[in-house]
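Heads up, the thing below is written out as structure tokens.
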Amino acid sequence: FGGVSINPQMMDLRGGADIVVATPGRLLDLVRQNALKLGGVSLCVLDEADRLLDMGFSEEINAILALLPGKRQNLFFSATFPDSVQALADSLLKDPVRIEVASEPQDKPDIVQRAITVDVPRRTQLLRYLILQQQWERVLVFVATKYAAEHVADKLQRAGLHVGAFHGEFSQGTRSQLLADFKACRLQVLVATDVAARGIDIAGLPAVVNYDLPRSAVDYTHRIGRTGRAGESGTAISFVTADTEAHFRLIENRNDLRIVREVVAGFEPTELPAPVNPVTDTVNGGVKGARKSKKDKLREAAAKAAEGN
């Protein structure tokens, strides 16, 4: 994997390997350094193929596949099978056997979900207030961008809290150290982008805060799932502003939820949600915006023309 020095990995490969598990970018780096040759590969496994393509690895995957011998077995593992994964499977697999494993019913995690309405400029003050009021030993705060992660972390740090920013532009070593500090309670607050939403297990995390709402209903589920793990209880709080009320309603609908909007004394919102009719992304539950579609524009033009006649 990338984000760390390549030299130890090159040393590990000197004696050869029966199995190599790799992220796409670092695998190509090793090939370019002549530390790895793929001409003898007999089995290629793409794990979480849907996520690999969704995270923009399609070009790197195609580059790797071009280096593999033509005679091999391919295995695809994917929690979902969107069109992009199906197209890749159709291009690579010959008479494939498809195996579907039904998910086992699981107990619903014990997570109290709250939604607090607040004006955008007051969110950081409200976050600090909640941390002190609730006396959270640790809290994971999700924001939308790298800039927001560093900005919010800096403001909380200056307010006297032990805070770290966590995003994808940090090296793997830095991220590992931040997580170790957070798990050991050396950091009380970790302000993170969605790079932290999947695959990270933080035992006993009491609370998650959506400072910025996630782009999709699926990401909402993954975010709040960082708390209430392994039979423990947890709290997930979402800040809902006037501009994001419609988007949060969409997240509720996609997840079959209805969360009462709360107002915290001293942080009463002054802005009112504007009535919108958002165009939704039916694939992953995101909001694309309120712009009129091409069909709507054509219908309006046709109606005006009919009125003129």
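For GLY3, the residues 5 or more places off, or on other chains, whose built amide H falls under 5 Å of its own are GLN172.
Between LEU92 and ALA180, the C-beta separation translates, for a Förster distance of 35 Å, into a calculated FRET efficiency of about 0.35.
Rounded to the nearest 0.05, the FRET efficiency derived from the C-beta distance between GLN125 and VAL263 at R0 = 22 Å is 0.95.
Fully extending the segment from GLN188 to LYS146 would add 13.2 nm, taking 0.36 nm per residue of separation and subtracting the current Cα-Cα distance.
Given the options PHE142, LEU132, ALA184, identify the residue whose Cα lies farthest towards the positive end of the charge dipole of the stretch 110-289 (+1 on Cβ of Lys, Arg; -1 on Cβ of Asp, Glu). With unit charges placed on the Cβ atoms, the residue in question is ALA184. With contacts taken as Cα pairs under 8 Å and at least 6 residues apart, the stretch 1-132 reaches a relative contact order of 21 percent. Cross-link pairs exceeding 28 Å in C-alpha to C-alpha distance, out of LYS108/LYS183; LYS37/LYS183; LYS108/LYS146; LYS108/LYS155, comprise LYS37/LYS183; LYS108/LYS146; LYS108/LYS155.
Evaluated with a Cβ-only charge set (Lys, Arg +1; Asp, Glu -1), the stretch 110-289 carries a dipole of roughly 260 debye about its Cα centre, given to the nearest 20. Here the ratio of the Cα radius of gyration of the stretch 7-92 to 2.2 N^0.38 Å is 1.11.
Overall, the ratio between the Cα radius of gyration of the stretch 110-289 and 2.2 N^0.38 Å, rounded to two decimals, is 0.99. Can you find, among HIS162, ALA207, GLY225, the residue sitting farthest towards the positive end of the charge dipole of the stretch 110-289, where Lys and Arg contribute +1 and Asp and Glu -1 at Cβ? Checking the options against the dipole of the stretch 110-289, the answer is HIS162. Counted residue by residue at 0.36 nm each, then reduced by the alpha carbon distance between them, the extension gain from VAL20 to ASP154 reaches 44.3 nm. Have a look at LEU52, PRO82, ASN7 and report the one farthest towards the positive end of the charge dipole of the stretch 7-92, computed about the Cα centre with Cβ charges (Lys/Arg +1, Asp/Glu -1). Working it through, the farthest residue towards the positive pole turns out to be ASN7.
Using DSSP to define loop residues, name the chymotrypsin sites (Phe, Trp or Tyr not before Pro) in the stretch 1-82 whose beta-carbon has at most 12 other beta-carbon atoms within 10 Å. Listed in order of number, the matching sites are PHE1, PHE77.
FRET efficiency for the pair LEU13 and ASP47, taken as 1/(1 + (r/R0)^6) with r the Cβ-Cβ distance and R0 = 25 Å, rounds to 0.80.
Only the coordinates and a few stated rules stand behind these numbers; no lab work does. Being a predicted model, the structure only gives us computed values, none of them experimental. Using ideal geometry, Cβ is built from the backbone for each residue, glycine included, and neighbour counts are taken over all protein chains shown.
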